[in-house]
1. Right, residue 141: surrounded by 14 or more Cβ atoms within 10 Å (Cβ to Cβ) and touching a Leu at 6+ places or on another chain (Cβ under 7 Å) or not?
2. I need the strands (runs of 3 or more DSSP E) fully contained in the stretch 320-408, keeping only those with at least 3 residues that are of a type in the set (Val, Ile, Thr) and assigned by TED's automatic domain parsing to the domain that holds residue 429.
3. Within the stretch 365-417, count every residue that is within 22 Å of the chain's Cα centre (by Cα), over 19 Å from residue 324 (Cα atoms) and of a type in the set (D, E, K, R).
4. If we scan the stretch 93-101, do we find a residue that is surrounded by fewer than 20 Cβ atoms within 10 Å (Cβ to Cβ), under 24 Å from the mean Cα position of the chain (by Cα) and among the basic types (Lys, Arg)?
5. Pairs please, first residue from the stretch 392-405 and among the acidic types (Asp, Glu), second anywhere and in a loop (DSSP other than H, G, I, E, B), Cβ atoms under 7 Å, 6+ apart in sequence or on different chains.
6. Could you check how many residues of the stretch 369-394 are of a type in the set (Ser, Thr, Tyr) and under 14 Å from residue 435 (Cα atoms)?
7. Can you tell me which of 447, 461 is surrounded by fewer than 18 Cβ atoms within 10 Å (Cβ to Cβ), in the same structural domain as residue 348 (by TED's automatic domain parsing), of a type in the set (A, V, I, L, M) and under 25 Å from residue 343 (Cβ atoms)?
8. Here is a list of conditions, (1) within 25 Å of residue 158 (Cα to Cα); (2) touching a helix residue (DSSP H, G or I) at 6+ places or on another chain (Cβ under 8 Å), and residue 78 meets all of them except one; can you say which number that is?
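The values are calculated or read from the model by the stated rules, or taken from the named source; none is laboratory data. These numbers were taken from a predicted model, which means no experiment stands behind them. Positions of Cβ are backbone-derived with ideal geometry, glycine not excepted, and every protein chain shown enters the neighbour counts.
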Amino acid sequence: MSASGFICSATVLVLSFVLLSLPAKAGPVLSDQQITYLKRKGQVTYCIDPDWLPFEALSEQGKHIGISAEYIRLLQQMIPVPLLLYPTADWPSSLQAAKDRRCDLLTLAMPTPSRLEYLLFTKAYLEVPNVVVTTKDKALIRSVADIPPSSAVGIRSGFGTLELYQQRYPQLKLVPFHDYEQGLLQVQAGYLYGMLGNMGSISYSLQKNAITNLKIAGRLSEDTLLSLACRNDDPLLLEIFDTLLLQISPEQKQQINNSWLAIRYEQSFNYELFWQMLLAFALLISVVSISYLKLKKLNQALLEANLRLEQLSQHDPLTGLYNRHYFEPRVQQALALCQRQQLPLTLAMMDLDHFKDINDTLGHNFGDQCLKDFAALCQRQFQRKDDLLVRYGGEEFILVSVGSDAETMQQLLEDFLQKLEAHQVRLNHQQGYCTVSIGWYCQIPPATMDSKQLVELADHALYQAKHSGRNCAVRAASEASPDY
């Protein structure tokens, strides 16, 4: 195969692990209120990690370069005020600058418990698999559990993954390093079992430093979800940039990644690393074994898999609603916002009545049609910008809404019950009806409440609705906070 063919294959492979957000929606980008707010503010400052290529960095001339720089240029075209870089010496300094309100935004950041104390996060617009790099004699790693507990493992300091891994895997002996190169050299010398990191940074560092005797031993279950972070005392700014990011098209995103990822394969293509990366990606999509792939078919296969993963990573394939994986961090952000701003928070758990009987009598295809019709009715009923609809599992769904009082939510839920009861589900020559039981919480959440307690309150109310005749909505009672 020609060099250009290998470059094309590498381009598709690298693009496949950078999962991007949904396509832009039609219509005006910002409202008059948002534009007025920005003009009154005058400028928006942002901070970056000055040494994190290919994602972002400061050049020797002090210029912002990398993937995030391309996004900033696109965002700048959509707002009437300048986006100004606030330069810092390193990533911890950028975090501190955001905490001190010296910059309004962080271009690429992960939500962690400590950062949620002073930042709000947009929907993730980059999702990068995390991998582990070892010497070639180590076994294949399918999860963190495959790493021997007594082994020392390197990880980049200051990143959100360090905080998350310390909490989730206390048995790991994590050794922080200022950059990936230091950690990889320690792995190469045999002082570390392996080095954890995201696929983009690891691949860049391996090639930049010409390290060829290590391997990507496996992909970890936790991906790096990168968002744009805003100061938490300015929620309107979060709303603005959430809206702006949705305007960036898939074609623009692909062009950005071609510029900062694929071009490096063209300059110096490492065939051994190519096959290591290909193996890691094959584990992710679980399509076929590398030994049976023909290189001439790789481009199309990886491109199709990437499109499927982009949708499935955050959405339920049957109903099109968000899935449970997406729900967990978003409900935590909504809860933190309502606790901080003293806003009412609604969480409604909805469970279709007698769904097993529907499947048994009319068949699973008809049951699937009931789920799709139910999701469509939900989307028509709950249309506020901050409403979040989730397929939680099976026939169970969740609605999260911020800012509406209990009386408003009760009217919406009761109206929805009536519309669903009157709706006829049709599939081929079959027809039928379905109802739903709802348990819902609506309060200004107390400062001590966490997302698990919130879900448990709504779930208990759902249990009461099921035992009160079904086809009804029961509000959760809580002594922890007064009614709104």
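1. So residue 141 does not fit the description; no.
2. 396-402
3. Summing the residues that are within 22 Å of the chain's Cα centre (by Cα), over 19 Å from residue 324 (Cα atoms) and of a type in the set (D, E, K, R) in the stretch 365-417 gives 2.
4. yes
5. 405/344; 405/484
6. 0
7. Exactly one of 447, 461 is surrounded by fewer than 18 Cβ atoms within 10 Å (Cβ to Cβ), in the same structural domain as residue 348 (by TED's automatic domain parsing), of a type in the set (A, V, I, L, M) and under 25 Å from residue 343 (Cβ atoms), namely 447.
8. (1)
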